[in-house]
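Trainee: I have a structure I would like to understand better, so I am pasting it below and will then ask my questions one at a time.
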Amino acid sequence: MDAYSARLLFLVFAFALVSRGYAQGSTTVVPAIITFGDSAVDVGNNDYLPTIFKANYPPYGRDFANHKPTGRFCNGKLATDITADTLGFTTYPPAYLSPEASGKNLLIGANFASAGSGYDDNAAMINHAITLTQQVEYFKEYQAKLATVAGSSKSASIIKDALYVLSAGSGDFLQNYYVNPLINHVYTADQYGSILIDAFTSFVQNLYGLGARKIGVTSLPPLGCIPLARTLFGYHEEGCVSRFNTDAQQFNKKLNSAAANLQKQHPDLKIVVFDIFKAFYDVVKSPSKYGFVEAKRGCCGTGTVETTAFLCNPKTPGTCPNATQFVFWDSVHPSQAANQVLADALITQGLALI
């Protein structure tokens, strides 16, 4: 099924849900979107933290609304923003640490994600990011605030019917395991992956206990195809770093198995693993098929190592004029155009959640 057909099918299905009164609002398929995780879905929480992992300065955000940086690690919209558009949202759930996360803005959800975070709380703490454990604590706070704004009955309904999204794992490997000899000399990648899966299982159990019933989690992408990985670990290998991709695929098998077990334990839980590995790998391997010109380096600067303020900033020379031709925006994160392709590829996978 091509992207257009998938989107059309989704919109027809979504319209049917709304017209039959399953949605809380008159125009959205779910009442709220609540997001946890890392830089792939952070919409600005790190703007308020003492961390180097920030994106609240140009050229980040140059193709976003008003051409202003927001803290998103992209030139424009994230895949979760595009998903919100598809679900009928006209504004996006706010970053929880931002002043916007108050009053009626909380009715459509909140974003707790933090660049530099992941399943491994220890690594997140070193990065001065919001750990996944702390993100859950913030969610509890959010619930109390939501009840004050909406009342206990409506608040409970929003929490139950909301869509929950989790993106984690990439940074655990790329920013921690592969570069930290204190970990990679102690554990194999497979063993470390099992530790991360334990954290994932605990996270879902906690979220379920707090009322979440519709949870979507992204798989790992092909880690070896990310420009930073090619630059730092590719050596003389042509193309992607194959062992990293193998590690990602092994992790994804464990993730699918863990999600299936959680589903069995909780029959009223809907949990979907969004397979971004295949979609991303297809784009990187056949970029021209999707309208891209460059898939080996990012748009910002040389596109080989640039990320964070030290390497992708207003003074970075060589940043491309047209990011729509690039799969990657910086050396780690997809461009808005690539996020659109990913979001389209995941639409049909997400039908089970709504």
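The values are calculated or read from the model by the stated rules, or taken from the named source; none is laboratory data. Since the model is a prediction, treat every value here as computed from it, not as a measurement. Note that we place each Cβ from the backbone using ideal geometry, even for glycine, and neighbour counts take in every protein chain shown.
Trainee: Run down Thr80, Thr86, Thr35, Thr28 and say which single residue is of a type in the set (Ser, Thr, Tyr), modelled with pLDDT of 95 or more and touching a Phe, Trp or Tyr at 6+ places or on another chain (Cβ under 7 Å).
Mentor: Thr35 is the lone residue from the list that is of a type in the set (Ser, Thr, Tyr), modelled with pLDDT of 95 or more and touching a Phe, Trp or Tyr at 6+ places or on another chain (Cβ under 7 Å).
Trainee: Among the candidates Gln134, Gln175, which residue alone is buried (at least 21 other Cβ atoms within 10 Å of the Cβ) and either within 15 Å of the chain's Cα centre (by Cα) or farther than 16 Å from Val30 by Cβ (or both)?
Mentor: Gln175
Trainee: Out of (1) surrounded by fewer than 23 Cβ atoms within 10 Å (Cβ to Cβ); (2) closer than 29 Å to Ala150 by Cβ; (3) among the aliphatic types (A, V, I, L, M), what's the single condition that is false for Ile126?
Mentor: (2)
Trainee: If a residue must be in contact (Cβ under 8 Å) with a residue 40 or more places away in the chain, more than 15 Å from Val29 (Cβ to Cβ) and part of a loop (DSSP other than H, G, I, E, B), how many such residues does region 72-91 contain?
Mentor: Count: 6.
Trainee: In region 30-56, what count of residues is obtained for those that are within 26 Å of Phe173 (Cα to Cα) and part of a loop (DSSP other than H, G, I, E, B)?
Mentor: Adding up the residues that qualify gives 15.
Trainee: Moving on. Looking for something closer than 19 Å to Ile347 by Cα and either in contact with a strand residue (DSSP E or B) (Cβ under 7 Å, 6 or more places away or on another chain) or not polar (S, T, N, Q) (or both) - is there at least one such residue anywhere in region 53-61?
Mentor: no
Trainee: For Phe139, which of the numbered conditions (1) part of a helix (DSSP H, G or I); (2) crowded, with 24+ Cβ neighbours inside 10 Å; (3) hydrophobic (A, V, I, L, M, F, W, C) fails to hold?
Mentor: The failed condition is (2).
Trainee: From the set of residues in region 221-249 that are part of a loop (DSSP other than H, G, I, E, B) and touching a residue at least 24 places away in the same chain (Cβ under 8 Å), which is surrounded by the fewest Cβ atoms within 10 Å (Cβ to Cβ)?
Mentor: Cys240
Conditions (1) of a type in the set (D, E, K, R); (2) assigned to a helix (DSSP H, G or I); (3) buried (at least 20 other Cβ atoms within 10 Å of the Cβ), marked per residue:
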residue	(1), (2), (3)
Tyr187	no, no, no
Gln191	no, yes, no
Ser194	no, yes, no
Ile197	no, yes, no
Phe200	no, yes, yes
Gln205	no, yes, no
Tyr208	no, yes, no
Gly211	no, no, no
Val217	no, no, yes
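Trainee: Please find, within region 256-275, the residue that is surrounded by the most Cβ atoms within 10 Å (Cβ to Cβ) out of those that are of a type in the set (S, T, N, Q) and more than 21 Å from the chain's Cα centre (by Cα).
Mentor: Applying the filter and picking the extreme gives Gln263.
One line per residue, one yes/no per condition, for (1) within 18 Å of the chain's Cα centre (by Cα); (2) of a type outside the set (A, V, I, L, M, F, W, C):
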{"residue": "Leu207", "(1), (2)": "yes, no"}
{"residue": "Cys240", "(1), (2)": "no, no"}
{"residue": "Asn245", "(1), (2)": "no, yes"}
{"residue": "Lys254", "(1), (2)": "no, yes"}
{"residue": "Phe277", "(1), (2)": "yes, no"}
{"residue": "Pro287", "(1), (2)": "no, yes"}
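Trainee: Could you check Gly151 against (1) surrounded by 24 or more Cβ atoms within 10 Å (Cβ to Cβ); (2) of a type in the set (Gly, Ala, Ser); (3) closer than 17 Å to Pro31 by Cβ and say which number it fails?
Mentor: For Gly151, the exception is condition (1).
Trainee: When Gln265 is evaluated against the numbered criteria (1) in contact (Cβ under 8 Å) with a residue 24 or more places away in the chain; (2) over 15 Å from Pro221 (Cβ atoms), which criterion, by number, is the only one it fails?
Mentor: Among (1) in contact (Cβ under 8 Å) with a residue 24 or more places away in the chain; (2) over 15 Å from Pro221 (Cβ atoms), the lone unmet condition for Gln265 is (1).
Trainee: For a quick check of your reading: which strands (runs of 3 or more DSSP E) sit entirely within region 258-354 and have at least 1 residues that are at pLDDT 95 or above and within 16 Å of Ile215 (Cα to Cα)?
Mentor: Hits in region 258-354: 270-274.
Trainee: Enumerate the pairs (first residue in region 129-149 and in contact (Cβ under 8 Å) with a residue 40 or more places away in the chain and of a type in the set (A, V, I, L, M); second residue anywhere and crowded, with 18+ Cβ neighbours inside 10 Å and assigned to a helix (DSSP H, G or I)) with beta-carbon separation below 6 Å, excluding pairs fewer than 6 apart on the same chain, so at least 6 apart or on different chains.
Mentor: Leu132/Phe203; Leu146/Leu106; Leu146/Ser155; Val149/Leu106
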